[in-house]
Amino acid sequence: MSTILTFDAVLKGLPRKEFDRAVIRHHADKYCKHFTCWKHLVALVYAQLSGASSLRVLELSFNSHAQHHEALKAGVIRRTTLADANERRSIVVFNEMAARLIAQVSRKAHREAKALTYLLDSTSFTLKGRQFDHWTLANRTRNTQGIKLHVLLDLKTKAPQWYSFSAPNVNDVDQAASLPLEPGALYVFDKGYCNYNWWKQIDAAGSCFVTRFKDNAALVTQEERAIPAAEQDVVLRDEIVRFKRRRPSGKRINHYDKFLRRVTVRRADKATALVLATNDLDSSASDIAQRYKERWEIELFFKWIKQHLKIKSFFGRSSNAVRLQLITALIAHLLIVLYRQAQCMGHSLWETLSMISASLFDPVVSDATLPPRRRRSSDFNLAHPGEA
């Protein structure tokens with residue numbers, strides 16, 4: 001039986017040499033005698049995987065396994081030291097590690113996939129009360145006070161490809177302007193990202209998009225396409241359109257001057273139809289509708305991380321502590337994905353996380369010894385309580 005601990009096997013997904021180089025490059029351990037960046041990261045990832053409910057629980061739980069600290073290159077933690085580090089330590093090294101893990105997860109998908117599909121959306125975290133208000137109150141909206149997480153999700157790997165933070169009053173499409181676009185990829189997003197000039201940037205990058213037109217979009221129909229008999233139960237109309245005006249509603253100039261496609265789709269659960277917009281003029285209308293339907297996967301991703309990772313409550317109340325905890329939640333998610341790939345596990349992410357949590361300081365369990373899993377359509381299936 002292997003003597004490698006499950007937690008150690010999970011942490012092997014982190015490129016330690018690159019981590020150490022990043023620490024040196026950013027002087028992240030300057031003036032730090034004992035609680036280094038690595039020990040900080042190990043403690044926060046442990047909190048995510050073990051589900052520690054507070055700093056006190058994290059301290060007692062992690063320190064009860066002192067005999068394994070040497071193998072992890074970690075040590076005994078003190079909650080006051082951890083609280084200070086969450087408050088003061090820069091998130092830059094943690095951001096770099098998250099980006100490195102994203103590259104590791106996506107590398108395999110890029111090798112195997114002919115066409116990449118990315119889902120873009122955001123979710124908010126409510127942060128109110130003592131010590132939160134002084135940095136969240138000024139940027140609140142009518143519905144939200146706190147912080148917003150923007151994520152680009154790879155449909156194939158179900159893992160983030162890009163993320164960023166913003167205040168709730170920042171428009172989603174303004175944040176998406178910093179998104180690095182990949183030629184040949186397909187981007188799917190809702191009508192909260194309705195900015196025609198940004199759509200033009202996606203088209204100019206050699207990429208496609210599928211989204212929704214706003215109800216007041218001024219369009220001129222150039223061509224009405226025939227709908228195959230097999231699609232007529234779902235697709236109501238398939239048209240080639242262009243924008244009617246270059247300066248809609250007297251606002252800034254619309255530079256999108258190419259043809260677009262408007263696909264009108266019947267919704268079984270609603271009386272109103274869904275009006276989709278895309279620059280993909282070649283795929284079938286039913287394929288376009290299916291691509292937009294798959295956007296639900298990112299909603300399931302947000303539900304999954306909120307339900308199964310430690311981001312409902314926070315170990316610190318400063319902006320730095322909150323961002324650090326959210327970043328380590330994403331790092332933990334990516335490590336679970338990499339661990340599942342390394343162990344060739346056929347289980348869902350929730351099942352993999354459950355096995356990791358139950359055996360963090362036990363030897364790695366082979367997937368062959370586990371009962372076969374029931375197939376599911378999605379890693380983030382939330383049909384049953386506590387299951388995804």
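The values are calculated or read from the model by the stated rules, or taken from the named source; none is laboratory data. Source: prediction; values computed, not measured. In this analysis, Cβ positions are derived from the backbone assuming ideal geometry, glycine residues included, and neighbour counts consider all displayed protein chains.
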Lys312 more than 23 Å from Ala205 (Cα to Cα), surrounded by fewer than 17 Cβ atoms within 10 Å (Cβ to Cβ) and in contact (Cβ under 8 Å) with a residue 40 or more places away in the chain: no
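State yes or no: is Thr3 out of contact with any Phe, Trp or Tyr (no Cβ under 7 Å at 6 or more places or on another chain) and of a type in the set (Ser, Thr, Tyr)?
On the way: out of contact with any Phe, Trp or Tyr (no Cβ under 7 Å at 6 or more places or on another chain): yes; of a type in the set (Ser, Thr, Tyr): yes.
Yes.
For Lys158, state whether it is closer than 29 Å to Phe243 by Cβ, of a type in the set (Lys, Arg) and either touching a helix residue (DSSP H, G or I) at 6+ places or on another chain (Cβ under 9 Å) or surrounded by fewer than 17 Cβ atoms within 10 Å (Cβ to Cβ) (or both). First the steps, then the outcome.
Values: closer than 29 Å to Phe243 by Cβ: no; of a type in the set (Lys, Arg): yes; either touching a helix residue (DSSP H, G or I) at 6+ places or on another chain (Cβ under 9 Å) or surrounded by fewer than 17 Cβ atoms within 10 Å (Cβ to Cβ) (or both): yes.
So Lys158 does not fit the description; no.
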Give the residue, chosen from Ala226, Ala217, that is surrounded by 12 or more Cβ atoms within 10 Å (Cβ to Cβ), on the phi < 0 side of the Ramachandran plot and assigned to a loop (DSSP other than H, G, I, E, B). Ala217
Consider only pairs whose beta carbons are under 6 Å apart and that are at least six residues apart or on different chains; among these, list those whose first residue lies in segment 128-145 and is polar (S, T, N, Q) and whose second residue is not in a loop (DSSP other than H, G, I, E, B). Thr136/Gly146; Thr144/Ser124; Gln145/Thr136
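Would you point out which residue out of Ala83, Ala98 is under 19 Å from the mean Cα position of the chain (by Cα), small (Gly, Ala, Ser) and either within 23 Å of Glu294 (Cβ to Cβ) or modelled with pLDDT of 95 or more (or both)? Break it down into steps so the answer makes sense when it comes.
Values: Ala83 fails: under 19 Å from the mean Cα position of the chain (by Cα).
None of the others qualify; the one that does is Ala98.
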Out of the residues in segment 23-54 that are farther than 28 Å from Gln343 by Cα and among the small types (Gly, Ala, Ser), state the one that is surrounded by the fewest Cβ atoms within 10 Å (Cβ to Cβ). Ser54
Can you find even one residue in segment 243-258 that is touching a Phe, Trp or Tyr at 6+ places or on another chain (Cβ under 7 Å), more than 30 Å from Gln161 (Cα to Cα) and not in a loop (DSSP other than H, G, I, E, B)? yes
For segment 101-158, enumerate the residues that are under 27 Å from Phe19 (Cα atoms), at pLDDT 95 or above and hydroxyl-bearing (Ser, Thr, Tyr). none
Need the failing condition index for Thr211 against (1) over 24 Å from Val263 (Cα atoms); (2) at pLDDT 95 or above, just the number. (1)
Cβ-Cβ under 6 Å pairs, at least 6 apart or on other chains, segment 338-351 side under 13 Å from Lys158 (Cα atoms), far side modelled with pLDDT of 90 or more and not in a helix (DSSP H, G or I): Leu338/Gly13
Which of the residues belonging to segment 120-132 are more than 17 Å from Arg323 (Cβ to Cβ) and surrounded by 13 or more Cβ atoms within 10 Å (Cβ to Cβ)? Leu120, Asp121
